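Please read the structure below before turning to the comments.
The values are calculated or read from the model by the stated rules, or taken from the named source; none is laboratory data. As the structure is a prediction and not an experimental result, all values here were calculated from the model. As a convention, Cβ positions derive from the backbone with ideal geometry for all residues, glycine included, and neighbour counts pool all protein chains shown. Side chains are part of the model used for accessible areas, which takes the heavy atoms of the whole protein and leaves out ligands, DNA and RNA. Shrake-Rupley method; radii C 1.70, N 1.55, O 1.52, S 1.80 Å.
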Amino acid sequence: MRIATWNVNSVGARLPRLLAWLESAAPDVLCLQELKCTTEAFPLAEVSALGYEVAAYGLGRWNGVAILSKVGIENVQRGLTDEPTYEDAVESRAIGATCGGVRVWSVYVPNGRDVEHDHYAYKLRWLEALRGTVIAESGDTPFAVLGDFNIAPADEDVWDIGKFAESTHVTEPERKALATLRDAGLSDVVPRPLKYDHPFTYWDYRALAFPNNNGMRIDLVYGNGKFASAVTDSYVDRNERKGKGASDHAPVVVDLTV
């Protein structure tokens, strides 16, 4: 089975590239983030024409997550258990489904903006809710949380840690939140890079970040023992970050035998 995750940064703007990538990479399951559309506005017909069932969760022009599957979609859950709100509003940041016997969650973790911002505190509360969902759901079957975590797990997961002093994405509380997922029985499935020596997954559109490989590894795959032991390969499809109309994130692809 091939399972992938990709922050497409607007499924509408990226639809031609998404459809082409689905045909070329042929994932059995694809977790999408940052749809920037409502559930009803998701391009269901175009994706279904390629043989995918879709479970989408979008509430407006920001956020939004989805799971696409060629191996069935069952037990869909939109939102985490006890998920917090931001400014009294629910955000569409997590969706779970069972696909071909594998339980997957597509997550778009809040950015945090600034350590002094209310969004940062919301991010930490959201990660607590994610841990609660993991504990409730992770059992003896293959289980994974995939998506844009907006956290670089280690200093080497950013191109220059010196440029991130007092910044979100690398703070101790955020990294401790990832550690609680590991304590709950998940492990980081680290992909191999297709180029250079580190598997960055995100490059800013500004300041020639991609040509200079000034990237971050923030799109992660966290799987339980049954999932991680089944992995045969994993890589960052860096080529999909190239060219006109690309997302600022590259897909992460995981091949496994289940």
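Structural remarks
- Selection over the range 39-71 of residues that are in a strand (DSSP E or B), under 22 Å from residue 150 (Cα atoms) and out of contact with any Cys (no Cβ under 9 Å at 6 or more places or on another chain) gives a count of 2.
- Criterion: touching a residue at least 40 places away in the same chain (Cβ under 8 Å), within 30 Å of residue 258 (Cα to Cα) and out of contact with any Pro (no Cβ under 7 Å at 6 or more places or on another chain) - qualifying residue of 141, 171: 141
- Enumeration of residues in the range 26-53 that are closer than 21 Å to residue 1 by Cα and open to solvent by less than 40 Å² (accessible area, probe 1.4 Å): 27, 29, 30, 31, 32, 33, 47, 52
- Verdict on residue 201 being in contact with a strand residue (DSSP E or B) (Cβ under 9 Å, 6 or more places away or on another chain), among the polar types (S, T, N, Q) and surrounded by fewer than 18 Cβ atoms within 10 Å (Cβ to Cβ): no
- Which listed residue, of 229, 187, is surrounded by fewer than 19 Cβ atoms within 10 Å (Cβ to Cβ), in contact with a helix residue (DSSP H, G or I) (Cβ under 9 Å, 6 or more places away or on another chain) and either modelled with pLDDT of 95 or more or over 28 Å from residue 1 (Cβ atoms) (or both): 187
- Selection count, the range 10-20, where residues are open to solvent by 20 Å² or more (accessible area, probe 1.4 Å) and not in a helix (DSSP H, G or I): 4
- Residue list for the range 115-155, filter: under 26 Å from residue 198 (Cβ atoms) and among the charged types (D, E, K, R): 123, 148, 155
- Pair list, Cβ < 7 Å and 6+ apart or interchain, from the range 112-136 residues that are in contact (Cβ under 8 Å) with a residue 60 or more places away in the chain and farther than 13 Å from residue 181 by Cα to residues that are assigned to a helix (DSSP H, G or I) and open to solvent by 10 Å² or more (accessible area, probe 1.4 Å): 112/120
- Within the range 55-70, the set of residues being under 16 Å from the mean Cα position of the chain (by Cα) and open to solvent by 20 Å² or more (accessible area, probe 1.4 Å) comprises 57, 62, 63.
- Verdict on residue 23 being out of contact with any strand residue (DSSP E or B) (no Cβ under 8 Å at 6 or more places or on another chain), open to solvent by 30 Å² or more (accessible area, probe 1.4 Å), outside any loop (DSSP other than H, G, I, E, B) and over 16 Å from residue 96 (Cα atoms): yes
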